[in-house]
Amino acid sequence: QVQLVESGGGLVQPGGSLRLFCAASGSIFIIYAMGWYRQAPGKQRELVALITNSGSTNYADPVKGRFTISRDNSKNTVYLPMNSLKPADTPVYYCNSDISLCDTRLRENYWGQGTQVTVSS
């Protein structure tokens, strides 16, 4: 079984910064891509940023130049420093990853429980 645990959300003023963390734990064989998604009330969950296990990254247009995704494979952790935050960056952020387990070696998709980011003055 795999768990993705996010942390680092909170309340920040417009223009401020936050750093999100997501750690994967469990009987992990390989972690493939790791990413962050966000979802506002009444809206679809959308991709924020993605990083493959080789380090290639992909960002949603609204966050390019402000957010930087990175990962530490030795700690099974993905990071998302967020700068120049705007009220539109407010929704719940979810960690997501494709992971294969030691016993099954099957590649499956996992979600974290979400962490709230609120950008408000």
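Comparing Pro87, Cys102, Gly55 along the charge dipole axis of the chain, the residue lying farthest to the positive side is Pro87, per the Cβ-charge model. For the chain, modelled as a GNM whose springs connect Cα atoms under 10 angstrom apart, the maximal fluctuation among Lys43, Lys64, Lys86 occurs at Lys43.
Whole-Hz Karplus values for region 34-39 come out as 10, x, 10, 10, 9, 9 Hz, taken residue by residue from phi with 6.51 cos²θ - 1.76 cosθ + 1.60 and θ = phi - 60°; glycine and proline positions read x. Taking Leu50, Leu11, Leu80 as the candidate residues, the one with maximal mean-square fluctuation in a Gaussian network model of the chain, Cα springs under 10 Å, is Leu11.
If the segment from Asn58 to Leu101 were pulled out straight at 0.36 nm per residue, it would be longer than the present Cα-Cα gap by 13.0 nm.
In this structure Thr68 has an accessible area near 80 Å², from a 1.4 Å probe over the protein heavy atoms.
Among residues other than Ser100 with Cβ under 14 Å from its Cβ, the summed charge is -1 (Lys and Arg +1, Asp and Glu -1).
If you roll a 1.4 angstrom probe over the protein chains with everything in place, what fraction of the accessible area of the chain belongs to carbon and sulfur, to the nearest %? On the chain, the fraction of accessible area on carbon and sulfur atoms equals 49 percent.
The values are calculated or read from the model by the stated rules, or taken from the named source; none is laboratory data. Nothing here was measured: the structure is a model prediction, and the numbers come from that model. Cβ: placed from backbone, ideal geometry, glycine included. Neighbour counts: every protein chain shown. The protein model used for the area step is the full one, side chains on, heavy atoms only, and it has no ligands, DNA or RNA in it. Shrake-Rupley method; radii C 1.70, N 1.55, O 1.52, S 1.80 Å.
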